[in-house]
1. Pick out, from region 178-262, the helices (runs of 4 or more DSSP H) lying fully within it that include 1 or more residues that are within 19 Å of His153 (Cβ to Cβ).
2. Name the single residue that is surrounded by the fewest Cβ atoms within 10 Å (Cβ to Cβ) among those in region 103-120 being touching a His at 6+ places or on another chain (Cβ under 8 Å) and at positive phi.
3. What pairs come up if the first residue lies in region 134-146 and is outside the structural domain of Leu110 (by TED's automatic domain parsing), the second is in a strand (DSSP E or B) and aromatic (Phe, Trp, Tyr), and their beta carbons are under 6 Å apart, counting only those six or more places apart or on different chains?
4. Among the candidates Glu264, Glu250, Glu238, which residue alone is acidic (Asp, Glu) and at pLDDT 95 or above?
5. The conditions are (1) surrounded by 23 or more Cβ atoms within 10 Å (Cβ to Cβ); (2) more than 28 Å from Ala78 (Cβ to Cβ); (3) among the acidic types (Asp, Glu), and Asp224 fails exactly one of them. Which is it?
6. I'd like the full set of residues that are among the aliphatic types (A, V, I, L, M) and under 18 Å from Asn93 (Cβ atoms), limited to region 2-31.
7. Is one or more of the residues making up region 17-31 in a loop (DSSP other than H, G, I, E, B) and within 22 Å of Gln99 (Cβ to Cβ)?
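The values are calculated or read from the model by the stated rules, or taken from the named source; none is laboratory data. These numbers come from a predicted model, not from an experiment. In this analysis, Cβ positions are derived from the backbone assuming ideal geometry, glycine residues included, and neighbour counts consider all displayed protein chains.
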Amino acid sequence: MISPLAHIHPAARLAPGVTVEPFTTIYGDVEIGENTWIGPNATIMDGARIGANCQVFPGAVVAGIPQDLKFAGEVTTAEIGDYTVLRECVTVNRGTVEQGRTVVGSHCLLQAYVHIAHDCLVGSHCVISNATQMAGHVQVGDWAIIGGTSAIHQFTNIGAHAFIAGGSLVRSDVPPFVKAAREPLTYAGVNSVGMSRRGFSEAQMHQIHELYRILYLTGLGMQDALTRIESEIAPSAERDLVVSFVRAAERGIIKGPGRRKSEEGGD
């Protein structure tokens, strides 16, 4: 159903079954997948690519131009995967010339007032809670959960299956499978509850616990801890994901309990 009170550019491409409620504006360079619901007073701007079976609630803005002073009008996109929900007043800016696109994956929930800045790459099955503010070039792995009112520094990476407590200031990378809390943001254990809900075996969770024990609780420096993990823990998808994530963490990873920031490589 397309409301006669909505303004839809004739060049916009809407698949069968799309619903557009009153007082919504949809620009010309827009694609919306089948059975997606666009609520009242939403704004879908040039460069928006919204998948099938999504929900976009009132006040949301998809593909607004980046809040980046270097932006020079380049043609870029903001891409939303299938079955993703954008609640009230969510804003997803499109990319800049550096990345070319901002991406939010499939089956995500972005709660009210979440902001996703230019060139962010958010995986699938993520929950980003109310009023979280994400600066440019952030990457978030699949199944991550970010608590409400968190603020995430630009170029920060958040690993798959990570859980970040509400109100956090995320200045350094958060490795996969961990819980992060307190201020400054600190390793607070392994996200066992989340992994159990997603079907991880006891053996997989035991291995993850062990590698983070070595990484954070043995007093070893980061490189020595990684070397010990690779020598003592059998190769697996989980082990290799953690090791590669930590080695690639240009901003450093969050600190461990009782450890100095200099040891973690963070701010």
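1. Ranges flagged: 237-247.
2. Checking each candidate, the answer is His107.
3. Ile145/Phe163
4. Glu238
5. Going through the list (1) surrounded by 23 or more Cβ atoms within 10 Å (Cβ to Cβ); (2) more than 28 Å from Ala78 (Cβ to Cβ); (3) among the acidic types (Asp, Glu), Asp224 breaks only (1).
6. Ile26, Val30
7. Yes, because at least one residue in region 17-31 is in a loop (DSSP other than H, G, I, E, B) and within 22 Å of Gln99 (Cβ to Cβ).
Here's the yes/no breakdown for (1) at positive phi; (2) among the small types (Gly, Ala, Ser); (3) surrounded by fewer than 18 Cβ atoms within 10 Å (Cβ to Cβ); (4) part of a loop (DSSP other than H, G, I, E, B):
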residue	(1), (2), (3), (4)
Glu34	no, no, yes, yes
Gly59	yes, yes, no, yes
Ala63	yes, yes, no, no
Leu69	no, no, yes, yes
Ala72	no, yes, yes, yes
Ala78	no, yes, no, no
Val92	no, no, no, no
